[in-house]
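The values are calculated or read from the model by the stated rules, or taken from the named source; none is laboratory data. Only a predicted model underlies this, so the values are computations on that prediction, with no experimental measurement involved. We place every Cβ from the backbone using ideal geometry, glycine too, and count neighbours over all the protein chains shown.
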Amino acid sequence: MDRRQMENTIAGIVRLLGTSLKNRGLYPPSHPLVRTPIEKCCAELDTLFSDRAELALTVADETLVLEGVPIFHLTSSLELFLARLGSIGVPAVIFERGLASEDLERFVLFLHETKEQGLAVDAIKDRLARAGVRHIRVTASDEERDDFEAARRVYGNAIDVVVQALSDVRNGKVPDGASCDHTVRDMNGMLLRNRDAMIALTLIKNFDEYTYNHSVNVSILSLAVADTLGLPEQDRINVGVAGLLHDVGKTQLALDLIRKPGTLTVAEYEEIKKHPEEGFAILGKMTNIEPETRKIVREHHMRFDGAGYPALQPGVRPNPHSQVIAVADCYDALTSMRSYQMARTPQGAMEIMRKLAGKALDPDLVLLLERSLGAYPVGTLLRLSTMEVGIVTSVPGQGKGYPGISVLYDRAGNPLAAPETVDLSESDPVTGKVRRAVIGTVNPMFLPPVPLESVLAHASA
Ligand SMILES: [Fe+2]
Ligand SMILES: [Fe+2]
């Protein structure tokens, strides 16, 4: 779809919403003049959701702006729509992929019935939630400015949930399944809103808290793969919760065994192999856990070629999503530094995983993970043709264009006082050649440390 078609589609969507709203005042909700525009609108939105996860509609300077496209040709129905948003006090509405016509219907009903003016954003959010409106988010326009900040908050909450769940298991208590479900839904939403910001956080590892970071990272990476796979929402959530809790059975193992450097003895390995079954048992006691989630946890060490552990009962087929966790688990383990291994770069990890494809790992999912992360995932350090080293701060959309790069080190490897954003498409006006090209990746271990977190935050602001 080119820009012009996109603008027309977008204008059409808002017009349809306005028409439905106008007719809502004249006819009962089931009337075709109310329902048909909603259904058409839903179908139009679906075409846009084929290559984006959400659409933002803002009201700026009394103009409706959808995905950055101002809509100036106001029809009377559009005007009514704008007036309703304005008088209720809705600054920005975000339509998310997965939206159903009932959600739009309830949203239009909310716009139609709400008589108060200038409601606070939190009050609007509350009412929409109570009205059962899903996949439509209302935000204060400044609230969404710093996605990295929001992603970090979501990530931090997920860590808290894992810390609590693991400590509950250690203390003989049953962890709270509802808070796991909730935090995974938040991560899923944040991932749809800004995948780069969320994926960037998975690369910020903290050695002391490997298990906690690892659990949250596997959840995020599994959600990203599940989204690229196009799984329905509940399946994505199941995969995400399974990722969060996949190693919960390890809490039953002695700490020094989990952290042991070097090779394990046969007896120790037999101990480790119990953790998927232990996890399956723990999830069985928890509330708000889908049977599928439990099954995936049990099967996360089963290999694509049928080997692995625990051995599958004869005649039982593994859940097709168990391999999503296996792939995410492998990637995060390879890119993390643990007592017995050096961390690998995302490319180094992918190289190893490509060798495991078809044996331990599902080859399609390995490819899909690669596609979810991009050729140079956010957080990757790149050597440029100028010999400078930069970090990837954003990945190009749809596999086209250039990644966003901030240069962190000069050609001698010294950290710059402040990161410098560069444009890879820029060419030298004299020679006509590109100024900077990517010549390879760099392992962060070989460079003086820089505060990656603040660099990424700075770049996404
Ligand atoms: Fe595991
Ligand atoms: Fe794991």
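The rows are residues; the columns are (1) within 18 Å of Ser372 (Cα to Cα); (2) free of Cβ contacts under 8 Å to residues at least 12 places away in the same chain.
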site: Asn171; (1), (2): no, yes
site: Val174; (1), (2): no, no
site: Gly177; (1), (2): no, no
site: Asp186; (1), (2): no, no
site: Leu191; (1), (2): yes, no
site: Thr211; (1), (2): no, no
site: Ser222; (1), (2): yes, no
site: Gly230; (1), (2): yes, yes
- Query: Could you list, in sequence order, the residues of the stretch 304-326 that are of a type in the set (D, E, K, R) and touching a Lys or Arg at 6+ places or on another chain (Cβ under 7 Å)?
  - Reply: Asp305
- Message: Ala254 - would you say it is among the aliphatic types (A, V, I, L, M) and surrounded by 16 or more Cβ atoms within 10 Å (Cβ to Cβ)?
- Response: no
- Query: Of the residues in the stretch 229-259, how many are of a type in the set (S, T, N, Q) and within 15 Å of ligand 2 (Cβ to nearest atom)?
  - Reply: 2
- Which one is modelled with the lowest pLDDT, of the residues in the stretch 243-292 that are more than 15 Å from ligand 1 (Cβ to nearest atom) and in a helix (DSSP H, G or I)? Leu255
- Item | Residue within the stretch 372-386 that is in a helix (DSSP H, G or I), modelled with pLDDT of 80 or more and closer than 30 Å to Leu229 by Cα present | yes
- Note on the structure: Taking the stretch 72-91 and keeping residues at pLDDT below 65 and either buried (at least 19 other Cβ atoms within 10 Å of the Cβ) or aromatic (Phe, Trp, Tyr) (or both) leaves Phe72
